[in-house]
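Single-structure report; data block below.
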Amino acid sequence: IEGARRELRKLIGATDQFLKPDAKTKPLSDFGLFAASLVEWPVLRGGNDPPTQGTQANSVREYGVLLLPKSEGPHPALIVVADANQSAADICGLTPRLPASEQTARLLAERGLVVFAPFFTQRRAFSEPWTDDRSWLFRLAYQTGHHVIGSEVQQVSSAYDFLKSLPAVDSGRVGVAGY
């Protein structure tokens with residue numbers, strides 16, 4: 001099984017080593033039972049091999065919305081991945097684009113879970129009429145031996161490490177759900 005996992009990581013370009021999550025948070029909203037914050041941290045250096053090897057200052061970064069219950073923890077945690085037609089802000093209830101019944105991250109936070117919703121590349125119009133953001137990135141990533149899915153797998157893996165490091169999270173109860 002481990003060999004198959006390595007092969008899959010190679011196929012989707014998810015082979016880079018992560019930096020330790022050194023998160024910065026910015027408060028966004030207070031929902032009463034929980035608070036929402038914008039969170040970011042470095043995931044990967046700008047390049048792993050010379051001559052493009054980067055530093056933490058020019059790194060690939062993770063961005064997302066953290067919904068943290070105000071009640072005493074530790075709490076189970078969930079990484080909630082939005083559909084490519086939605087954003088993390090939509091499923092967290094920070095925008096009016098989705099009805100309340102479809103704001104899955106917000107609904108889970110109301111039930112006492114710590115929720116992290118990463119910002120992924122959405123399927124929206126790009127500068128050219130024949131493509132969208134995700135399709136454009138698929139083409140670029142292929143040229144560099146990577147894949148958008150591999151990038152998203154690495155972002156979820158890094159978010160898992162981040163959530164496990166939070167004192168409010170029961171590190172044995174961290175999961176992933178969504179699209």
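Summary of computed values
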read-out: Failed item in (1) more than 15 Å from the chain's Cα centre (by Cα); (2) closer than 21 Å to Glu152 by Cβ, with Val115 passing the rest; value: (1)
read-out: Count of segment 55-66 residues which are in a strand (DSSP E or B) and open to solvent by 20 Å² or more (accessible area, probe 1.4 Å); value: 3
read-out: Of all residues in segment 67-111 being closer than 21 Å to Pro27 by Cβ and charged (D, E, K, R), the one that is surrounded by the fewest Cβ atoms within 10 Å (Cβ to Cβ); value: Glu72
read-out: Test for Pro51: is it at pLDDT below 90 and more than 20 Å from the chain's Cα centre (by Cα); value: yes
read-out: Selection count, segment 8-27, where residues are open to solvent by 80 Å² or more (accessible area, probe 1.4 Å) and hydrophobic (A, V, I, L, M, F, W, C); value: 2
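The values are calculated or read from the model by the stated rules, or taken from the named source; none is laboratory data. The shown structure was predicted, so the numbers you read here are calculated from the model rather than taken from an experiment. When we count neighbours, we look across all protein chains shown, and the Cβ atoms used for this are built from the backbone with ideal geometry, even at glycine. Accessible surface is based on the protein model in full, side chains and every heavy atom, while ligands, DNA and RNA are left aside. Shrake-Rupley method; radii C 1.70, N 1.55, O 1.52, S 1.80 Å.
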